[in-house]
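Read-outs: derived from the displayed coordinates by stated rules, not from any lab. Everything quoted here is computed from the prediction, not taken from an experiment. Backbone-built Cβ (ideal geometry, glycine too); neighbour counts: all protein chains shown.
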Amino acid sequence: MSVDLEATLARPISLAEMVIAARATLAELLGLDTTPELSLFTERRYEQGRRVASGRRLDAAELLSTTIGDRIERQPNGMPGSIHLEIDVSGFEDGAWLLVIDHEPETGGDPECVFSPYRTCVSVVVALAMALAVADRTGGQFTDDQIQLLQPGHTHPRHMITATRLPPEPGEFTQRCERYLRQFANLGGWPRDVSMGRT
């Protein structure tokens, strides 16, 4: 089952701005003052579901200089370009994959980010915060066709944040992620695992 969360980009955004916005959105959703750092990795490789190359963490300069939402160079076969990254949650084994897709200009489609979380509460909430942050910051739309936290779903990210955020109160990050997702009765307690553990 796919559990992608998507955001269209109405304007370009740097990876640095995306990460800052995602942490702010994550704090707002969970009612926390601080949240773990988010790191972006490239060049990770998997074989039969197992990571065989740890990849390279993008440094601060790369995050500032790398922009998504502008036109990506076409692939040699003429297909739209794409960027693949992986998001790590500092201090945890949780994370998500990020695919940035540049659609054919003639179709009129905006570039989009697709966030695919690992199957844990922490990962899903982080991916959700990232998708909402990208859509909110760029004036794009948020799409949740697969998990369906709310039915019918919201496409305006600010409405989704306002409708689902937890009230501010103290609490541990993983517990707040679980509490956030358990408000959606239609998920039936999914995902079962709160976190993949601490690093």
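Remarks
- Each residue, SER14 and ALA53, gets one label point 7 Å from its Cα in the Cβ direction; the gap between the two is 2.7 nm.
- Taking packing as the residue-averaged number of other Cβ atoms within 10 angstrom, the listed peptides 14-21, 46-53 run from highest to lowest as 14-21, 46-53.
- Helical contribution to [θ] at 222 nm, DSSP H n ≥ 4, -39,500 (n - 2.57), averaged over the chain, rounded to 500: -9000 deg cm²/dmol
- Choice from LEU98, LEU63, LEU40 with maximal GNM fluctuation in the chain (Cα, 10 Å cutoff): LEU63
- For peptides 140-149, 165-174, 117-126, sequence by mean Cβ density within 10 Å, most packed first: 117-126, 140-149, 165-174
- Helix 173-182 axis, angle to the chain major axis (alpha carbon atoms, nearest 10°): 90
- Among the listed options [x] 20.8, 63; [y] 16.8, 57; [z] 16.3, 52, the one matching Rg and Dmax of the Cα atoms in Å as calculated from these coordinates is [z].
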